[in-house]
Amino acid sequence: MENLYEKTKFILKKYKISANKSLGQNFLINDSVVDKIVESADVNKEDLIIEIGPGLGNLTEFLLQKAGKVIAIELDQRMLEILTDRFSMYNNFEIINEDVLKVDLNNLIKLNKNSEIKKVKIVANLPYYITTPIIMKLLEEKLDIETITVMVQKEVADRLIATPGEKLSGAITYCVYYYATSESVTIVENNSFIPEPEVNSEVIKLSIRKNAPINLLDEQKFFKLIKASFMQRRKTLINALVNGGILQNKDKAKKLFDDLKLDYNTRGESLSIEQFAEISNYIVKNENLN
Ligand code: SAM
């Protein structure tokens with residue numbers, strides 16, 4: 001077969017299927033983008049690659065050639081037959097027909113790491129409708145993984161890889177930064193997919209940190225603080241924290257802001273991650289504030 005475009009058309013026709021929009025199916029048909037993803041994920045024979053949403057297998061095929069093993073997690077049952085047929089000659093391929101959000105990834109990794117598989121990497125052209133829950137799951141479950149190389153909607157990429165405190169920052173910016181360093185790999189044109197998505201796309205790479213960039217007295221409280229700070233984006237941070245139940249009342253909030261030398265009009269997105277750590281640690285040390 002000539003290229004991914006031809007191959008994709010052929011497979012869709014052969015199995016008489018079309019893309020399911022509600023599952024976020026946009027099949028990648030641009031060979032050079034696939035090359036860039038595989039190259040930047042730095043796939044080699046000592047790696048287990050967990051691919052989320054293999055679809056017809058356009059990215060999977062290249063991963064299988066380079067990786068020690070590929071485990072693909074796909075929700076759409078129609079893909080099982082296609083993938084099994086397409087990759088019958090590979091003995092390093094496994095497919096799990098389930099919603100990735102329900103898979104116990106820690107256990108999956110534990111079962112597959114052995115003397116031949118030294119590193120685990122996540123690679124995916126993600127279904128855009130659940131990008132945030134997938135990224136949060138991959139980070140919050142503290143998986144034994146090295147990197148996450150994924151295609152996401154460009155606007156989401158901007159937020160994921162922003163530096164905390166930049167204008168685009170949202171709660172997820174701080175979460176990503178806490179767990180990983182991030183970089184943009186490439187911006188991808190809409191015509192790189194069948195069918196073409198309505199939004200622009202970008203491949204990003206997150207490298208899991210070995211050590212946290214800030215010292216926290218209570219990690220859970222820190223993330224609650226971050227989430228509450230961005231729940232009501234148009235409010236000042238003081239109001240967001242009182243309304244979000246992080247601080248008991250405005251007087252206690254003002255005392256915290258005075259003690260930490262923060263302006264009462266401060267908004268969440270203007271604070272650095274270190275400043276949020278200071279607020280969180282202050283609240284832990286002064287339990288009577290909440
Ligand atoms: N990897 C293929 C490619 O690049 O051509 C397909 C990518 S497509 C953007 C997203 C894939 O994720 C689809 O195959 C879709 O069926 C699958 N998917 C959607 N929701 C899922 C879920 N909750 N768990 C696992 N896979 C899912």
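Points to keep in mind about this one:
- Contacts under 9 angstrom Cβ, first residue in segment 105-128 being in the same structural domain as G24 (by TED's automatic domain parsing), partner aromatic (F, W, Y), 6 or more apart: N125/F27; N125/F193
- Residue identified as closer than 24 Å to S207 by Cα and in contact with a Pro (Cβ under 6 Å, 6 or more places away or on another chain) among E74, E116: E74
- Residue in segment 21-35 that is open to solvent by 20 Å² or more (accessible area, probe 1.4 Å), within 22 Å of N92 (Cα to Cα), in contact with an Asp or Glu (Cβ under 7 Å, 6 or more places away or on another chain) and within 14 Å of the ligand (Cβ to nearest atom) present: no
- Among the residues of segment 261-274, those that are surrounded by 13 or more Cβ atoms within 10 Å (Cβ to Cβ) and more than 24 Å from the chain's Cα centre (by Cα) comprise L262, Y264, T266, R267.
- Whether a residue is in contact (Cβ under 8 Å) with a residue 60 or more places away in the chain and open to solvent by less than 10 Å² (accessible area, probe 1.4 Å) was assessed, and G165 does not pass this test.
- Across segment 177-191, the number of residues qualifying as open to solvent by less than 50 Å² (accessible area, probe 1.4 Å) and either among the basic types (K, R) or over 20 Å from V43 (Cβ atoms) (or both) comes to 3.
- Comparison of N211, N215, N243, N239 shows that the only residue that is away from the ligand (no atom under 16 Å from the Cβ) and under 19 Å from K285 (Cβ atoms) is N215.
- Check on T132, away from the ligand (no atom under 14 Å from the Cβ), among the polar types (S, T, N, Q) and surrounded by fewer than 20 Cβ atoms within 10 Å (Cβ to Cβ): no
- Close contacts from segment 40-68, counting a first residue that is closer than 19 Å to N112 by Cα and open to solvent by less than 10 Å² (accessible area, probe 1.4 Å) and a second that is part of a loop (DSSP other than H, G, I, E, B) and among the hydroxyl-bearing types (S, T, Y), with Cβ to Cβ under 9 Å and a gap of 6+ residues or different chains, come to L64/Y90.
- Odd one out for I204 among (1) away from the ligand (no atom under 16 Å from the Cβ); (2) under 16 Å from A180 (Cα atoms); (3) surrounded by 20 or more Cβ atoms within 10 Å (Cβ to Cβ); (4) of a type outside the set (D, E, K, R): (1)
- Test: residue in segment 83-94 that is open to solvent by 60 Å² or more (accessible area, probe 1.4 Å) and within 10 Å of the ligand (Cβ to nearest atom): no
- Test: residue in segment 262-269 that is assigned to a helix (DSSP H, G or I), within 26 Å of Y179 (Cβ to Cβ) and touching an Asp or Glu at 6+ places or on another chain (Cβ under 9 Å): yes
- For E116, the criteria (1) open to solvent by less than 10 Å² (accessible area, probe 1.4 Å); (2) of a type outside the set (F, W, Y); (3) in a loop (DSSP other than H, G, I, E, B) hold in every case but one, which is (1).
- Remark: N249 falls outside the filter, which requires a residue to be over 24 Å from the mean Cα position of the chain (by Cα), surrounded by fewer than 13 Cβ atoms within 10 Å (Cβ to Cβ) and touching a residue at least 12 places away in the same chain (Cβ under 8 Å).
The values are calculated or read from the model by the stated rules, or taken from the named source; none is laboratory data. Keep in mind that this is a model prediction, so the values were computed, not measured. A quick note on method: Cβ atoms are made from the backbone with ideal geometry, for glycine too, and the neighbour counts reach across all protein chains shown. Only protein heavy atoms, including side chains, enter the accessible area calculation; ligands, DNA and RNA are left aside. Shrake-Rupley method; radii C 1.70, N 1.55, O 1.52, S 1.80 Å.
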